[in-house]
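Input: a single structure, listed below in structure tokens.
What follows is calculated from the coordinates using simple rules that are stated; it is not laboratory data. Quick caveat: nothing in here was measured; it's all calculated off a predicted structure. Reconstructed Cβ throughout: ideal geometry from the backbone, glycine too, with neighbour counts over all protein chains shown.
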Amino acid sequence: MVPPRERRPFGAQGSGPVGSQRSTTKRSPKQAGGGASQAIPEAVANRMARRIAIATGIPTLMGMAVFVGSYLLVSRHILDIPPSATLAASGACFLLGLLGLSYGVLSASWETEAGSLLGTEQIGVNFGRLKGSLQALRQGTGPSGSGSD
């Protein structure tokens, strides 16, 4: 047992094998668990985020507006809207927002230079890359071609 005066917080430098290993061994961001933030260039990630925000945000706001509009129309006795119609219309908007998530990722140029405004030419290219990456994972190799077995 370590005397009380020598105890340090877990992982602090010099507090045993974990602390001393951290102080002397440098790991890459992928090894440290931060690979997702380093794998995609910042310009590409920002482009994807903008497209996702627009492609999911607008339909989601429309879905909420359906509820508000339906409530106002029914509560003021302007129009009698069945609840199932409100649910179907808002559900369609939310489904469109879900599809917008995939569209935002696949339509963004994954290269450092920006693509077109809508990015329709990038969808086929990016879908092919995604499909190839999934096939490589199923075969037991990573996207870089190195075996993981």
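Based on the Cβ-Cβ distance of A92 and V68, what FRET efficiency does E = 1/(1 + (r/R0)^6) give at R0 = 22 Å, to the nearest 0.05? Numbers along the way, then the final one.
Working: r = 16 Å, r/R0 = 0.73.
The value I calculate is 0.85.
For the residue pair R76 and S102, what label-to-label distance in nm results when each label sits 7 Å from Cα along the Cα-to-beta-carbon direction?
Going from the R76 label point to the S102 one covers 3.9 nm.
F127 versus S84, label points 7 Å from Cα toward the beta carbon: distance in nm?
3.4
Using θ = phi - 60° and the Karplus curve 6.51 cos²θ - 1.76 cosθ + 1.60, what whole-Hz ³J(HN,Hα) does each residue of the stretch 107-114 get, with Gly and Pro shown as x?
Residue by residue, the stretch 107-114 yields 8, 7, 5, 8, 8, 6, 7, 6 Hz.
Per Stokes-Einstein, at 25 °C and 0.890 mPa s, what whole-number D in µm² s⁻¹ belongs to the stretch 41-138, with the Kirkwood radius over Cα pairs as the hydrodynamic radius? Don't jump to the answer; show the numbers that get you there.
On the way: Rh = 15.4 Å.
Result for D is 159 µm²/s.
Roughly how far apart, in whole Å, are the Cα centres of the stretch 102-136 and the stretch 71-92?
Cα centroid of the stretch 102-136 versus Cα centroid of the stretch 71-92: 38 Å apart.
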